[in-house]
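Written below as structure tokens is the structure these notes are about.
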Amino acid sequence: MLKITVTAVALALASMSPALAQSGDFVQKQSAKEMRSSKLVGTNVYGPGDEKIGDINEVLIDSSGSVHAVVIGVGGFLGVGEKNVAVPFKSLTIKHADNSDKIDRVSVRYTKDQLKQAPSFAYFDQVRDDRRTSGSSANPAPKR
């Protein structure tokens with residue numbers, strides 16, 4: 001009896017799978033208007049004078065699933081001494097290669113000096129760690 005019940009449930013689930021795929025619960029391919037974050041991270045960012053001002057280190061996604069901002073690494077050499085600055089995603093101008101999801105160029109209206117003067121971006125864990133250690137420097141909170 002158990003064997004028949006398990007088989008019936010398996011057949012019911014298998015017959016539902018095509019219906020679920022057709023119902024819009026799954027994305028089957030990337031549209032021309034969508035981009036992958038993996039193509040954006042690591043891309044050089046250029047300012048108004050066509051100078052390289054940094055590169056994209058992170059993409060910040062809010063709880064609704066919308067891209068909120070990108071974190072640009074500015075200054076430094078090979079990541080050493082680099083400052084992270086978050087800018088709104090809508091401030092980016094992104095140029096794609098023709099008929100490809102490859103990103104040719106990312107530019108912003110900010111200059112390198114403006115980003116160097118902008119407030120540093122702190123990741124959520126850094127903010128939480130800073131709050132734990134702000135009362136006493138003698139016994140800093142352990143890193144997890």
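The values are calculated or read from the model by the stated rules, or taken from the named source; none is laboratory data. Everything numeric here is computed off the predicted structure, so don't read it as measured data. Ideal geometry is used to build each Cβ from the backbone, glycine not excepted, and the neighbour counts take in all protein chains shown.
Before moving on, here are some points about what is shown:
- Within segment 116-130, residues that are more than 14 Å from residue 57 (Cβ to Cβ) sit with their Cβ atoms under 6 Å from residues that are outside any helix (DSSP H, G or I) and modelled with pLDDT of 95 or more, at 6+ positions apart or across chains, in these pairs: 118/85.
- Of all residues in segment 93-116 being charged (D, E, K, R) and either in a strand (DSSP E or B) or more than 12 Å from residue 35 (Cβ to Cβ) (or both), the one that is modelled with the highest pLDDT: 109
- Failed condition for residue 107, given (1) among the polar types (S, T, N, Q); (2) surrounded by fewer than 17 Cβ atoms within 10 Å (Cβ to Cβ); (3) within 18 Å of the chain's Cα centre (by Cα): (2)
- Considered as a group, the residues in segment 38-49 that are in contact (Cβ under 8 Å) with a residue 24 or more places away in the chain and touching a strand residue (DSSP E or B) at 6+ places or on another chain (Cβ under 9 Å) include one that is surrounded by the most Cβ atoms within 10 Å (Cβ to Cβ), and that residue is 45.
- Residues that are at pLDDT below 85 and not aliphatic (A, V, I, L, M) within segment 5-30 comprise 5, 7, 15, 17, 18, 22, 23, 24, listed in sequence order.
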